[in-house]
Amino acid sequence: MIKKKVLVQGSLQSLQEFFSSKFNVEFEPLAILTDATSKLMLSMSSTSGTLPEIFTIDTLPRFSFRFIDGIVLTDNKSRTENINRLLKLGLEPRKIILWNNRGELEFFDIKGKDGSPIVFMEGLQFHIRNQNDLNFFHEMHFVLQHQRQFYTIDPKFYPTIVEQQYQQFMRKPLDWNNLQTWTEKMQWIKLYDSTPIKTRLADKYLVRQWVAEKIGQEYLIPLLGVWDNFDEIDFDILPNQFVLKCNHGSGMNIICRDKNNFDFEDARQKLTGWLAVDFGMRFFEPHYCNIKRKIIAEKFMTDKDNPGLKDYKFWGFGGKVFYCAYETRDPADWFAPDYLMDFFDMNWNHTEIERYDHPRNEKISHFPKPKNFELMKKLASKLVEDFPHVCADLYEIEDKVYFGEMTFTRSCGNIKFKSKGTDEHFGSLMTLPKEKYLFWEKKFIGVD
C-alpha cells in the first residue's frame, strides 16, 4: 500500500473519529489542522499515544502545501466552508480529500472554464466533458472504494476472500485440502506464492532488465521514457506515435497515433487515476501490490498492414512450455475488447482446448505457423524455466520476435474452460511449491 502524506483537518470529535477509525490506514498524517487547538491538546494529554503537530489553517505555513499529497477534511458540518478557505489560500483542489468514518469515498466538484464539472476525489481530478469521462469517473470511484475496504481486512481472512471469489467465478466450492485442477491450484498460487521475483517480473519496467539478461536486449520493444507521474512527461521529446502505459497492472494503456490530435486531458486523468489503483487488490493478485508505480512510454509498433499485433501466449508448467495460445480478432473491429483464442501444442497442432470467454475461431480452417515459431519456443522456454506456472507473452512483428509480458495469474486464475478435462489436465501439469510465501508478512514458511 502506498500511503498518502496528509494534513488532517477537523473538529475535536471528527479528528478523534479519524484517528480511531480502521478507514485511515491509507493515510500518513504529518500534522493536524483544527480551530479547537486547546481542547485537542487537553484530549491528547489524557492519552498515552502521540499525535502529529497541531496548527490552525491560518497558522499553517503555506509552503507546506507543496510537500503533501493532500489535506483530509474530516468534519462534515463545516466542509464547504473549509473547502473554500483552503482554495482561497492557494491549495490545489485535487489536494482536498473528503473523509468519513464509514469508509465511503466522497467527492466535490467545481465548474471548469467550459462550464462542465471538474470532480475531485482522493487527490484525483476528473474533467467530465462527455459520457466516456463520466463512465471513467464511476469506474474509478468503484475501484478505489473497493480498494479502501480491502485495506481494512485482517490477513487471516484472505483465504476466505479467495474462496468467495472462486465460488463467485467458478460456481463451485474450493477445498484447500484437495487441490486438483488448474483453477483450484491457482488460488493457492495467488495466496501463497506471490513472491518478490513475481512482483519484479510483473512490473513492466523492471522486467526489462531481467528479460535482457535472460534472452537478450534485442527482444525488447524500445523504451522511450519512464516517469513517476503524468506531469513529468516531456511530450516534446516523444515521437509522433507512441504508447503510454502504467507498469503495475493490465489494460492501463494509451496509444497515440498522432501527437497533433492527442487528447492530453483524457490521458492525464486516466493515467493519474490508474496510478492510484492498487491492481493487486482488485481481484486478489497480490504480487502486483508492491510494484512502485510508474508511467512508461514505448515505441509504437506496427506489423506491416495488419491492424494489430500478433500475440502468442506460451503457457509454462513446471518450468517447461506446453501450449501456445494465439489471439485472433474481427478485422473490422480489431481493437474491440472481445477476442477469440486458439491453443496449439509445441508442434503447432491445433488443439481442442477452448475457453468460454474467448472461444476458438471457427471461421479460420488453417492457422499458418509463425515464421519464428521455433525461436519463440526457445525464448519462451528460457522465460518460464524457473516457475511452477507462468505465461510468457511474445509478439511477432515484421518477422521479428519481441517480448510482451510475464503473466503469473492469467485471468486471475479463474477461467472456465469449454473443452472437457482441460482444467484437470492443466492442473496435472502443475506442482505447487514446497514453501508458502506470506506476502503480508514477507516471509517463507514450510508447507503443512
Exceeding the 24 Å Cα-Cα cut-off - candidates LYS4/LYS442; LYS304/LYS369; LYS204/LYS371; LYS190/LYS371; LYS172/LYS382; LYS3/LYS204: LYS204/LYS371; LYS190/LYS371; LYS172/LYS382
Percent RCO, i.e. relative contact order, over segment 222-300, from Cα pairs under 8 Å lying at least 6 residues apart: 49 percent
Where both residues lie in the chain, what percent of DSSP beta bridges are antiparallel, nearest 5? 75 percent
Length-normalised contact order of the chain, Cα under 8 Å, at least 6 apart, in percent, tallies to 13 percent
Once you have the Cα-Cα distance between ASN260 and THR80, take 0.36 nm times their residue separation minus that, and quote the gain in nm to one decimal. 60.8 nm
Amide H to amide H under 5 Å from PHE55: which residues, 5+ apart in sequence or cross-chain, H placed 1.01 Å off N in plane? ILE32, LEU33, THR34
How far, in nm, would the chain grow between GLN180 and THR160 when pulled straight, counting 0.36 nm per residue and subtracting the alpha carbon separation? 5.3 nm
Enumerate the amide H contacts of LYS310 below 5 Å, restricted to partners 5 or more residues apart or on another chain; note that Pro and chain-start residues carry no placed amide H. GLU396
If r is the Cβ-Cβ distance from GLN241 to GLU92 and R0 is 25 Å, what FRET efficiency results, to the nearest 0.05? 0.20
For segment 355-362, take each phi angle, set θ = phi - 60°, evaluate the Karplus expression 6.51 cos²θ - 1.76 cosθ + 1.60, and give the result in whole Hz per residue in order, putting x for glycine and proline. 9, 5, 6, 9, x, 5, 8, 7
Report the gain in length on full extension from PHE322 to GLU374: 0.36 nm times residue separation, minus Cα-Cα distance, nm rounded to one decimal. 17.4 nm
For segment 4-151, calculate the relative contact order in percent as a whole number, restricting contacts to Cα pairs under 8 Å that are 6 or more residues apart. 21 percent
Förster radius 45 Å - calculated FRET efficiency between ILE68 and LYS443 (Cβ-Cβ, nearest 0.05): 0.85
Using a cut-off of under 13 Å, list every residue of segment 188-219 whose amide N is near the label point 7 Å from the Cα of LYS400 along the Cα-to-beta-carbon line. 217-219
Pairwise label distance in nanometres, GLU139 with PHE283, each label 7 Å out on the Cα-Cβ vector: 1.4 nm
Say each of LEU30 and TRP348 gets a label point 7 Å from the Cα, pointing the same way as Cα to Cβ; how far apart are those two points in nm? 5.9 nm
On a 0 to 90° scale, report how tilted helix 264-275 is relative to the longest principal axis of the chain, with both axes built from alpha carbons and the result rounded to the nearest 10. 90 degrees
Determine, from the Cβ-Cβ distance of LYS172 and THR59 and an R0 of 56 Å, the FRET efficiency 1/(1 + (r/R0)^6), rounded to the nearest 0.05. 0.40
Determine the calculated [θ] at 222 nm for the chain from helices alone, applying -39500 (n - 2.57) to every DSSP H run no shorter than 4 residues and normalising by the residue count; nearest 500 deg cm²/dmol. -8000 deg cm²/dmol
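No lab work stands behind these numbers, since they all come straight from the coordinates. Owing to the predicted nature of the structure, the values given are computational and were not obtained by experimental measurement. Glycine gets a Cβ as well: all are built from the backbone with ideal geometry, and neighbour counts include every protein chain shown.
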